[in-house]
Amino acid sequence: MREVSGLSGCVTAGKTLEEARKLAIEALTLHMAGMLEDGNALPNASTLDQLVGDPAMRGAVAAAGEQIG
């Protein structure tokens, strides 16, 4: 199981890295839709440099995606 960086409470898990990546996209989409529905602002995306420099992300796997909107 893994929490999505910057979005507390958005978690996903998978039997393989590819499955976890696909499920993370679904979890992220639903989480952000819920935030907007509740009137909350979405956080700015982290850069890869910020993630690499974050001690809490040590050993994590980063995945890139398209910016929407």
Cys10, sole failed condition from (1) modelled with pLDDT of 85 or more; (2) within 9 Å of the chain's Cα centre (by Cα): (1)
Looking at the stretch 25-42, is at least one residue open to solvent by 90 Å² or more (accessible area, probe 1.4 Å), at pLDDT 80 or above and not in a helix (DSSP H, G or I)? yes
Leu51 fails exactly one of the following numbered conditions: (1) of a type outside the set (Gly, Ala, Ser); (2) at pLDDT 85 or above; (3) not in a loop (DSSP other than H, G, I, E, B). What is the number of that condition? (2)
Filtering the stretch 8-24 down to residues that are open to solvent by less than 70 Å² (accessible area, probe 1.4 Å) and among the polar types (S, T, N, Q) yields Thr12
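The values are calculated or read from the model by the stated rules, or taken from the named source; none is laboratory data. Since we're looking at a predicted model, the values are computed, not measured. Just the protein is used for accessible areas: all its heavy atoms, side chains included, with ligands, DNA and RNA removed. Shrake-Rupley method; radii C 1.70, N 1.55, O 1.52, S 1.80 Å.
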